[in-house]
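Undergrad: Quick one: structure below, then a few questions.
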There are 2 protein chains.
Amino acid sequence: MQTESSQKKSVFQTEQLIELEPRYRAKLVNSLSGFKSLVLVGTRSSRGNNNLALFSSLFHISANPAMCGMLIRPKKVGENTLGNILESGVYTLNHLREEFYREAHQTSARYPQGVSEFEEVGLHPTFIDPYFAPFVEESSIRIACELLEHQELKWNQTHLIIGKIVYIEIPEKTLNPDGYVDIEAAGSITCSSLDSYHTTQRLARLEYAKPGIPPHLLE
Amino acid sequence: MQTESSQKKSVFQTEQLIELEPRYRAKLVNSLSGFKSLVLVGTRSSRGNNNLALFSSLFHISANPAMCGMLIRPKKVGENTLGNILESGVYTLNHLREEFYREAHQTSARYPQGVSEFEEVGLHPTFIDPYFAPFVEESSIRIACELLEHQELKWNQTHLIIGKIVYIEIPEKTLNPDGYVDIEAAGSITCSSLDSYHTTQRLARLEYAKPGIPPHLLE
């Protein structure tokens, strides 16, 4: 196996990180967490405004109960994703597809409060009874979550949102007999750092690992 | 833009999720969080045993201070990733490459305590002064973290680990002038659900989004 030791490396330690230009540091440090879950989060305010925001911090917590977490770093709590989730207790997660990743990226522009990102970027809200929050019409994998827990991390103004998955909608043809969803076939894409979007190409699925048995391809 | 409404959908709500066969549900729910950060976490016990474990729950928290989080769901706290992090306060994050994803997957087998996954799967520990935890020789992007915060989530036996990034090593040729690291060029791969591994293909980097201006390609 080829080792990487011979390659020329760039090294940063705490002292160097502190001295970096802020935008440079943001792109660098955001690159380190690898390829990320990429979802559009749909929420609705009590005034009826539909909000749509792009997040790359979604993570799995558990399957039973079905739970996931995400981080939000709001400018302030208002008529935005965090404010709407805390107020209504419900939000949707909508996977991105290549066909609309530019529109999704555009939701991260700082629109004034009360302006709906759906209208501004050209994506379409759709509602599924009884969920108060809007789903994205153009998404092929859509999830609704109910807020279970909210905490502000003590290190900076980052909020941890833990949600219970209460609704899942996936293209039937991407659901394998064992429960695995082929999100690549569903067109879901990923991102890296702050601004880079990527499609994927499956290498393989591997069988559940057991001591002393080399990993086998599942398909 | 093509909408997805016409496709046949599979739908699960809370009642159906509860009734699913556990392994089916695990694969299904783990699929929903999209493509994930994939890292080998290196730790070392006070007895000097080197532990290596595969995680797909790494997430970015902030760039200044440079911080990241991950979830761990241990069988129990012992001479394993969680136990070693709590004891030593230090761990490494090592990006996966296609050349050794099978070996990385194999670290998830349940080896007895005291057995080093490095030796069992054929990956090589390497040490960088002054960090106590082992890095993976075969990885091209390597990070050391110091434990900042540990909490057990109240919903299940899941532990949230928050770390300060104190050391970063990346191939020089993958570091762009603006701080962006081309992790695709570095060979980093991603995963979906519990057992599926994927390489990536960049669509584009997009410029910082501003209201009223369509998103432009950065490169």
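The values are calculated or read from the model by the stated rules, or taken from the named source; none is laboratory data. Here the structure is a predicted model, which is why all the values come from computation and not from measurement. Cβ sites come from the backbone with ideal geometry, for glycine too, and all protein chains shown count toward neighbours.
Undergrad: Here is a check on your reading of the model: is A:Lys173 out of contact with any Pro (no Cβ under 8 Å at 6 or more places or on another chain), part of a helix (DSSP H, G or I), without any contact (Cβ under 8 Å) to a residue 40 or more places away in the chain and not aromatic (Phe, Trp, Tyr)?
TA: In short, yes.
Rundown of residues vs (1) closer than 30 Å to A:Gly212 by Cα; (2) in a strand (DSSP E or B), yes/no style:
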{"position": "B:Arg110", "(1), (2)": "yes, no"}
{"position": "B:Glu119", "(1), (2)": "yes, no"}
{"position": "B:Leu147", "(1), (2)": "no, yes"}
{"position": "B:Glu169", "(1), (2)": "no, yes"}
{"position": "B:Pro177", "(1), (2)": "no, no"}
{"position": "B:Ala185", "(1), (2)": "no, no"}
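Undergrad: Still on this structure, I have one more. Taking segment A:76-115 on its own, how many of its residues are in contact (Cβ under 8 Å) with a residue 40 or more places away in the chain, crowded, with 19+ Cβ neighbours inside 10 Å and within 22 Å of A:Glu146 (Cα to Cα)?
TA: Summing the residues that are in contact (Cβ under 8 Å) with a residue 40 or more places away in the chain, crowded, with 19+ Cβ neighbours inside 10 Å and within 22 Å of A:Glu146 (Cα to Cα) in segment A:76-115 gives 11.
Undergrad: Right, here's the next one. Looking only at segment B:176-188, how many residues end up being closer than 29 Å to B:Glu149 by Cβ and out of contact with any Gly (no Cβ under 7 Å at 6 or more places or on another chain)?
TA: Qualifying residue count for the region: 4.
Undergrad: If I filter segment A:16-29 for residues that are under 29 Å from B:Arg23 (Cβ atoms) and of a type in the set (Gly, Ala, Ser), do I get at least one hit?
TA: Scanning segment A:16-29, I find no residue that is under 29 Å from B:Arg23 (Cβ atoms) and of a type in the set (Gly, Ala, Ser), so the answer is no.
Undergrad: Does any residue of segment A:153-167 turn out to be modelled with pLDDT under 95 and either basic (Lys, Arg) or not in a loop (DSSP other than H, G, I, E, B) (or both)?
TA: Taking every residue of segment A:153-167 in turn, at least one turns out to be modelled with pLDDT under 95 and either basic (Lys, Arg) or not in a loop (DSSP other than H, G, I, E, B) (or both).
Undergrad: Out of the residues in segment B:187-196 that are within 29 Å of A:Gly179 (Cβ to Cβ), in contact with a strand residue (DSSP E or B) (Cβ under 8 Å, 6 or more places away or on another chain) and not acidic (Asp, Glu), which is farthest from the other protein chains (Cβ to nearest Cβ)?
TA: My answer is B:Cys191.
Undergrad: Let me ask another. For segment B:1-9, check the following and say yes or no: at least one residue is under 30 Å from B:Pro134 (Cβ atoms) and not acidic (Asp, Glu).
TA: no
Undergrad: Something else about it: With the structure loaded, tell me whether B:Thr199 is surrounded by fewer than 22 Cβ atoms within 10 Å (Cβ to Cβ), within 7 Å of chain A (Cβ to nearest Cβ) and among the polar types (S, T, N, Q) or whether it fails that test.
TA: Against the criterion (surrounded by fewer than 22 Cβ atoms within 10 Å (Cβ to Cβ), within 7 Å of chain A (Cβ to nearest Cβ) and among the polar types (S, T, N, Q)), B:Thr199 qualifies.
Undergrad: Need a quick list: helices (runs of 4 or more DSSP H) entirely within segment B:1-102 having at least 1 residues that are facing chain A (nearest Cβ under 7 Å) and modelled with pLDDT of 95 or more.
TA: B:14-19, B:22-32
Undergrad: Taking the condition of being out of contact with any strand residue (DSSP E or B) (no Cβ under 7 Å at 6 or more places or on another chain) and outside any loop (DSSP other than H, G, I, E, B), how many residues in segment B:197-219 meet it?
TA: 2
Undergrad: Any residue at all in segment A:51-66 that is closer than 30 Å to B:Tyr167 by Cβ and without any contact (Cβ under 8 Å) to a residue 12 or more places away in the chain?
TA: Yes, segment A:51-66 contains a residue that is closer than 30 Å to B:Tyr167 by Cβ and without any contact (Cβ under 8 Å) to a residue 12 or more places away in the chain.
Undergrad: Write out, first by first residue and then by second, each pair whose Cβ atoms fall under 6 Å of each other, whose residues are 6+ apart or on separate chains, and whose first residue, in segment A:13-33, is touching a residue at least 12 places away in the same chain (Cβ under 8 Å) while the second is crowded, with 19+ Cβ neighbours inside 10 Å and among the acidic types (Asp, Glu).
TA: none
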